[in-house]
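Read the structure below first, then the notes.
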């Protein structure tokens, strides 16, 4: 499959325009009044289709597309205390559409597309400032999602090595370093995943089956005891190219793209009540963004401000309670 075909499927062709917003970002309510989004120092190199995770009090953003359409090995870390970015060692390979998760002070980056536009089976862990290569995935995965729960790194959804939607998920035992296969959620790519590291369930949010006109609102949870996925109340608005994170007992779904444009709406699913509620809209809607939770806030990092290959360095956060 050619680079042009991959872009037509996952990133509709549009003029490549670099975007970098360094101005303060505040969401506006229906009356034009500011709501709770806060702006932060922008990512030093604007990118889209990034992977994001949190470790040792820093937010790590890895890989993605740059404004010239190339994928990147660059990795940056953001200090929430100092509102400052620093450069970390590059990944061993340039990637886009990779998945990321973190636990116990380590960041894990898995899969993605390589420079030849083929899905990758690579897995890396960032430990003490160095990237360590892990056992490869049982099969390649791109545009998948990752989350850590119960001592296992789950990789769900995405496109497999044969360029078809994955029906099988993988789990890496973080103690033994071995991968296992397990049932996947409803087949889709460009989805998001979330979990609590101290829990056992994994949640798959949104996604799409092909182009941006095939978004889904599906929301499912995986129980490792039964090895089954359960369909939950759908996200109020279908979304693909989206991100999600679990904070304060709520799964927050942010961003995405559709034919009408990038998605501004933000929703939170409360695990206790099993209900969705709408939060303050993203002041700068984006897709292909990194979404992570830190303390009591959810962060939206980089991503494309318009459908297709556009990039941004925008970073904003919202308190969730």
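The values are calculated or read from the model by the stated rules, or taken from the named source; none is laboratory data. No experiment lies behind these values; they were computed from the predicted model shown. With ideal geometry, Cβ positions are generated from the backbone for all residues, glycine too; neighbour counts draw on all protein chains shown.
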Only one residue in 279, 301 is in contact with a strand residue (DSSP E or B) (Cβ under 6 Å, 6 or more places away or on another chain) and either closer than 24 Å to residue 156 by Cα or touching a residue at least 60 places away in the same chain (Cβ under 8 Å) (or both), so which one is that? 301
Of the residues 240, 249, which is modelled with pLDDT of 95 or more and closer than 18 Å to residue 119 by Cβ? 240
Strands (runs of 3 or more DSSP E) completely within the stretch 226-302 that count 1 or more residues being touching a helix residue (DSSP H, G or I) at 6+ places or on another chain (Cβ under 8 Å) and surrounded by fewer than 17 Cβ atoms within 10 Å (Cβ to Cβ): none
If I ask for residues that are assigned to a loop (DSSP other than H, G, I, E, B), surrounded by 22 or more Cβ atoms within 10 Å (Cβ to Cβ) and in contact (Cβ under 8 Å) with a residue 40 or more places away in the chain, which ones from the stretch 139-151 would you list? 143, 144
Within the stretch 95-117, the residues that are within 17 Å of residue 189 (Cβ to Cβ) and in contact with a strand residue (DSSP E or B) (Cβ under 8 Å, 6 or more places away or on another chain) are 95, 96, 97, 98, 99, 100, 110, 111, 112, 113, 114
Considering only the stretch 125-138, state which residues are surrounded by fewer than 21 Cβ atoms within 10 Å (Cβ to Cβ) and under 19 Å from residue 193 (Cα atoms). 125
Which condition from (1) closer than 13 Å to residue 207 by Cα; (2) part of a strand (DSSP E or B) is the one that residue 185 breaks? (2)
In the stretch 152-166, what residues are more than 14 Å from residue 136 (Cα to Cα) and either touching a strand residue (DSSP E or B) at 6+ places or on another chain (Cβ under 8 Å) or buried (at least 19 other Cβ atoms within 10 Å of the Cβ) (or both)? 152, 156, 157, 158, 159, 163, 165, 166
Within the stretch 264-321, which residues are on the phi > 0 side of the Ramachandran plot and under 17 Å from the mean Cα position of the chain (by Cα)? 288, 302, 303, 308
